[in-house]
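Note sheet for the following structure.
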Amino acid sequence: MTSLGTKLARLRQKKGYSQKEVADLLHISQPAYHKWETDATKPGAESVTRLCEIYEIEISDLMEDIPTFNITNNDCTIQNIGNPNSNFYAESPDLIKGVLKNQEAITSLLNVQNQLIEALIDRLKA
């Protein structure tokens, strides 16, 4: 599961803002905003609403769980699916790499399955 702080950092970076720029838009100090991104503290409801306006997202996109990928030896597992309509995470390089690795693993399994089926058909013909 991705923390709120990590989500805030990713959203800020995607928009090309510095922490100071976002803090100024929120009328708070940069160190206060930094604490949100490092999960030392959490923003209040009013700040969450304002953050969603700044980042042009829905509150549910910020507060719901998001996809988490564990990729090991061509094995890709997806946990905490979250909001399938969120386009922020659909553009994630980690997501794209995970999907590609998963597709490679599926292709490999299908090739092995096809070989086994062909071998079975050959045995049945004999």
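Every number here is computed from the coordinates shown, using simple stated rules; none is lab data. Bear in mind that the values here come from a model prediction, so they are computed numbers and not experimental data. In this analysis, Cβ positions are derived from the backbone assuming ideal geometry, glycine residues included, and neighbour counts consider all displayed protein chains.
Answer yes or no: is there a residue in region 14-29 that is outside any helix (DSSP H, G or I) and among the charged types (D, E, K, R).
At the first step, the residues of region 14-29 found to be outside any helix (DSSP H, G or I) are 16-18, 27-29.
This time we only want the ones that are among the charged types (D, E, K, R), so: none.
No - not one qualifying residue is present in region 14-29.
Of everything in region 19-56, what is β-branched (Val, Ile, Thr) and farther than 18 Å from residue 6 by Cβ? Give them in sequence order.
Filtering region 19-56 down to residues β-branched (Val, Ile, Thr) leaves 22, 28, 38, 41, 48-49, 54.
Across region 19-56, the qualifying residues are 28, 49.
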Exercise for the section: State whether one or more residues within region 46-55 are out of contact with any strand residue (DSSP E or B) (no Cβ under 7 Å at 6 or more places or on another chain), farther than 29 Å from residue 98 by Cβ and surrounded by 16 or more Cβ atoms within 10 Å (Cβ to Cβ). Expected result: yes
